[in-house]
Amino acid sequence: MFCPRCGNPSDDTARFCQACGTALPLMVVEATAYQTFTPQSFSTPDVSGFVQYAGFWKRFVAFFIDYFLSYFLMVVVAFSIGIMMGLSGYDASSIEFIGFIVGMITPWLYWSIMESSSKQATLGKMVLGIIVTDYQGNRISFGQATARYWAKILSALILCIGFFMAGFTAKKQGLHDIMAESLVVKKQTTHPQYNSDTLSTSSEASRAPFY
């Protein structure tokens with residue numbers, strides 16, 4: 001070991017420089033190797049397996065907020081395109097067809113882009129404080145968000161049972177969530193190691209790992 005002040009060598013077990021008396025860095029011996037303590041030597045306990053799943057009623061309210069927002073957006077887009085097509089001389093049947101296409105695409109893009117964005121949530125979900133994640137708690141891809149959106153058709157076709165499943169399944173998943181391998185969770189539980197509320201007892205909490 002060398003003194004950081006004068007550069008003279010000292011015994012590895014010495015606490016002070018034998019030449020100038022400067023305090024030397026503390027070293028610990030493990031077998032034959034020396035290791036200096038650093039902040040990285042200590043890790044935070046992993047409690048990321050705990051999560052609070054979003055309940056049925058929160059998801060229900062978020063869905064209706066998003067439904068009306070996406071419908072309004074669709075009307076604005078379809079009306080704007082219809083006006084431009086009308087002024088360009090397109091006939092009514094062509095305008096109606098484009099309006100149908102816009103009606104199909106706009107809600108899909110709204111839900112898929114928002115849920116796969118850095119926010120991980122549509123505007124309705126943001127209001128309710130819930131987000132969409134994959135089984136590891138990460139942001140879902142656009143492809144997953146797309147699969148999740150179109151799988152809602154199947155959830156609706158079976159008498160909406162696919163939606164009601166979010167009220168009684170262990171992870172509060174609807175059929176479309178299961179098909180897209182996604183979860184809807186409360187936003188503050190995505191990083192529970194920094195959230196003491198996650199570790200407290202709550203009647204609304206579903207204490208279960210992502211897996």
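The values are calculated or read from the model by the stated rules, or taken from the named source; none is laboratory data. All of these numbers come straight from a predicted model, not from anything done at the bench. Please note: Cβ atoms are built from the backbone with ideal geometry, for glycine as well, and neighbour counts cover all protein chains shown.
I want to confirm something. Restricting to the range 50-97 and keeping residues that are in contact with a Pro (Cβ under 8 Å, 6 or more places away or on another chain) and not in a helix (DSSP H, G or I), which single residue is surrounded by the most Cβ atoms within 10 Å (Cβ to Cβ)?
If we take residues in the range 50-97 being in contact with a Pro (Cβ under 8 Å, 6 or more places away or on another chain) and not in a helix (DSSP H, G or I), then 51 is surrounded by the most Cβ atoms within 10 Å (Cβ to Cβ).
Which ranges mark the helices (runs of 4 or more DSSP H) fully within the range 132-192 that have 1 or more residues being within 18 Å of residue 118 (Cα to Cα) and in the same structural domain as residue 119 (by TED's automatic domain parsing)?
Per the criteria, 142-157.
Hey, any hits in the range 18-26 for a residue that's modelled with pLDDT under 75, exposed (fewer than 14 other Cβ atoms within 10 Å of the Cβ) and assigned to a strand (DSSP E or B)?
Checked against the condition, which is being modelled with pLDDT under 75, exposed (fewer than 14 other Cβ atoms within 10 Å of the Cβ) and assigned to a strand (DSSP E or B), the range 18-26 yields at least one hit.
Of the residues that make up the range 38-46, is at least one surrounded by 10 or more Cβ atoms within 10 Å (Cβ to Cβ) and at pLDDT below 95?
No, the conditions are met nowhere in the range 38-46.
Count, please, the residues in the range 103-149 that happen to be surrounded by 20 or more Cβ atoms within 10 Å (Cβ to Cβ), without any contact (Cβ under 8 Å) to a residue 40 or more places away in the chain and hydrophobic (A, V, I, L, M, F, W, C).
2
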